[in-house]
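Report on one structure; see the data block that follows.
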Amino acid sequence: MTDTATLSLPGGQMAYLPVVVGTEGERALDISRLRSDTGYITLDDGYTNTGSCKSAITFIDGEKGVLRYRGYNIEEIAKRCSFIETAQLLISGDLPSPEKRKAFSDLLTEHSALPEDFRRHFAGFPVHAHPMSILSAMINALQSYDLPGLSIDDEEEFWRVSGSLISKVRTIAAAAYKSSIGESLIYPRYDLKYVENFLHMMFSRPYREYVPTAEATQALNLFFLLHADHEQNCSTSTVRMVASGQANLYASVAAGVCALWGKSHGGANQAVIEMLNILQASKTPVSEYVSKIRDKSSGIRLMGFGHRVYRHYDPRATLLKKACDDLLAKMEIHDERLDIALQLEEVALHDDYFVSRQLYPNVDFYSGIILTALGIPMEMFTALFAIGRMPGWIANWKEIYDNKDAKIYRPRQVYVGPSERAWVSRFHRERETESDDSMEFRVPNELRSM
Ligand code: CMC
């Protein structure tokens with residue numbers, strides 16, 4: 001039997017709200033009938049306490065620092081899975097059999113190249129264009145090549161389009177980089193796996209093949225799979241919002257790319273390195289910088305810290321910190337910015353401002369240092385986040401597509417603008433403006449204060 005919560009409203013009115021319990025014991029009040037039964041809606045600016053959907057893809061316990069994809073702990077996935085297996089797990093719901101894994105891998109290889117005349121699109125962007133701007137535009141453009149009818153008609157077609165997107169997003173990102181530095185675009189290779197192929201397209205030149213090291217491949221594989229999904233974050237909610245209006249998969253994930261770009265979201269990985277660069281160049285002591293952050297009037301935030309859901313260490317940050325240490329040691333790199341990041345973390349974790357607000361390092365705090373060590377330029381960081389997040393966006397799009405009872409996402413609002421006003425004719429508006437102007441003319445500013 002379903003539990004019911006009773007809500008007592010002004011005027012003695014009562015509302016009875018069914019309690020919904022998730023598989024991990026999270027409890028929610030179903031308010032879907034609240035307005036029709038009582039005339040009330042709920043108000044939750046920024047959706048800080050709103051469950052927007054039921055989802056079976058990713059589970060987060062922000063208090064304990066737990067993250068699971070389809071029931072598997074992220075630590076286990078990080079140890080045992082490739083990014084491509086992780087993508088299949090997220091989208092299909094299960095770990096793939098060896099045959100399915102091979103078939104998906106072949107599908108990605110088959111769809112890795114862009115249509116030949118796509119090159120013209122890259123040429124249409126100015127050299128300084130941000131890769132995220134190119135990425136979102138190109139994914140939308142891809143739709144018109146790949147899915148002329150705009151709709152996905154069956155499971156096979158869904159997997160073809162999904163595979164094509166997961167594969168091509170990496171080709172587009174690498175091509176966006178190449179065009180931004182004025183180099184020739186590099187074709188994908190059929191004999192390389194996903195991550196190696198991306199590094200090849202990023203760093204090979206027509207006259208010199210780039211051969212990625214095993215540690216570079218491993219670090220990037222980890223980066224991608226740790227970013228693969230994170231339940232109802234800003235970009236995924238955007239994808240679901242767009243999908244709920246029955247937009248096609250390309251249009252929905254292109255919207256996700258745009259949402260990811262913001263520096264409170266995916267753009268934070270770039271913002272972290274920018275912050276570390278400034279601290280390094282200015283030699284500002286870490287304690288001084290943290291004091292500035294504590295002073296809210298400075299408007300400065302510690303980038304790579306804090307999270308809407310985690311009130312504990314983001315488990316992805318823990319994994320990336322370890323990977324970062326290992327990678328720098330193997331590559332024999334000493335990066336002063338890592339020292340600064342470690343000092344920042346140390347100071348913040350013992351500072352009352354951060355402790356009382358339960359602010360811990362998030363996924364973006366160490367990822368930028370890894371990407372820098374791999375030679376990825378800062379402007380590409382968020383594009384790499386988008387490559388990683390693509391399977392999660394697709395899995396969430398599919399959840400909406402498969403739900404034949406899915407409703408269009410359409411929140412309500414509490415209107416706080418003017419109440420009904422009498423119409424003012426243009427003639428009267430002009431007269432009012434004239435009289436305001438003439439006041440200005442007759443009373444000069446300097447005389448007004450006298
Ligand atoms: N530095 C300083 N103060 C912070 C920070 C921070 N990084 N994050 C939150 N706060 C303070 C904030 O000022 C507020 O203080 P008060 O209660 O006195 O007003 C309190 O902590 C709660 O912050 P909030 O902005 O209400 O929390 P939120 O859940 O709306 O924001 C966040 C979450 C991630 C946008 C925020 O923590 C932030 O801006 N962090 C820095 C940017 C960042 O690293 N973003 C990446 C997030 S993880 C990857 C992803 O989602 O893409």
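The values are calculated or read from the model by the stated rules, or taken from the named source; none is laboratory data. Everything numeric in this text was worked out from a predicted model, so none of it was measured. Every residue, glycine among them, receives a Cβ derived from its backbone with ideal geometry; neighbour counts consider all protein chains shown. The area values use the complete protein model at the heavy-atom level, side chains included, leaving out ligands, DNA and RNA. Shrake-Rupley method; radii C 1.70, N 1.55, O 1.52, S 1.80 Å.
Some values worked out for this structure:
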read-out: Rounded if a/c under 1.5, otherwise prolate or oblate - the chain, Cα gyration tensor axes; value: rounded
read-out: When the range 22-76 is reduced to its Cα atoms, the Kirkwood hydrodynamic radius in Å; value: 13.5
read-out: In nm, spacing of pseudo-spin labels at ARG412 and GLU379 (7 Å Cα→C-beta vector); value: 4.7
read-out: R0 of 56 Å, Cβ-Cβ distance ASP153-ILE278: FRET efficiency to nearest 0.05; value: 0.60
read-out: Where trypsin sites (Lys or Arg not before Pro) fall in DSSP loop in the range 1-104, at most 14 other Cβ within 10 Å; value: ARG33, LYS54, LYS64
read-out: Under the Karplus curve 6.51 cos²θ - 1.76 cosθ + 1.60, θ = phi - 60°, whole-Hz ³J(HN,Hα) for the range 394-411, x wherever Gly or Pro sits; value: 5, 4, 6, 4, 5, 4, 6, 4, 6, 8, 5, 9, 4, 9, 5, 6, 8, x
read-out: In nm, spacing of pseudo-spin labels at ASP339 and ARG208 (7 Å Cα→C-beta vector); value: 3.0
read-out: Debye log10 I(q)/I(0) for the range 83-143, one point scatterer per Cα, at q = 0.14, 0.29, 0.30 Å⁻¹; value: -0.59, -1.14, -1.18
read-out: Exposure rank, largest accessible area first [LYS407, LYS321; 1.4 Å]; value: LYS407, LYS321
read-out: Å² per residue, accessible surface of the chain at 1.4 Å; value: 54
read-out: Crossing angle, helix 315-330 versus the chain [Cα axis fit, 0-90 degrees, rounded to tens]; value: 40
read-out: Accessible surface of the chain, 1.4 Å probe, proportion on carbon and sulfur as whole %; value: 53
read-out: The range 175-231 - Rg over Rh from alpha carbon coordinates, Kirkwood radius; value: 1.02
read-out: Cα→Cβ-extended label distance, 7 Å offset, between ASP325 and ASN73, nm; value: 1.8
read-out: GNM result for the chain, Cα springs below 10 Å: residue of ASN396, ASN73, ASN197 fluctuating most strongly; value: ASN73
read-out: Nearest 10 degrees, 0 to 90: helix 155-180 Cα axis against the chain principal axis; value: 90
read-out: Gyration tensor (alpha-carbon) shape descriptor, the range 169-328, a/c threshold 1.5; value: oblate
read-out: Mean Cα-pair separation over length for the chain, i.e. relative contact order, pairs under 8 Å, 6 or more apart, %; value: 19
read-out: Accessible surface of LEU185 - all protein chains present, 1.4 Å probe, nearest 10 Å²; value: 40
read-out: Integer Hz, Karplus 6.51/-1.76/1.60 couplings in order for the range 96-105, x for Gly and Pro; value: x, 6, x, 5, 5, 5, 5, 4, 5, 4
read-out: Using θ = phi - 60° and Karplus 6.51 cos²θ - 1.76 cosθ + 1.60, couplings along the range 299-312 (whole Hz; Gly, Pro as x); value: x, 8, 10, 7, 5, x, 10, x, 7, 4, 9, 6, 10, 7
read-out: Taking the convex hull of Cα positions in the range 40-179, its mean projected area over all directions (nm²); value: 12.9
read-out: Euclidean distance between Cα centres, the range 280-333 to the range 211-260, Å; value: 23
read-out: By accessible area with a 1.4 Å probe, ligands and nucleic acids excluded, highest first: order of TRP397, TRP159, TRP423, TRP261; value: TRP423, TRP261, TRP159, TRP397
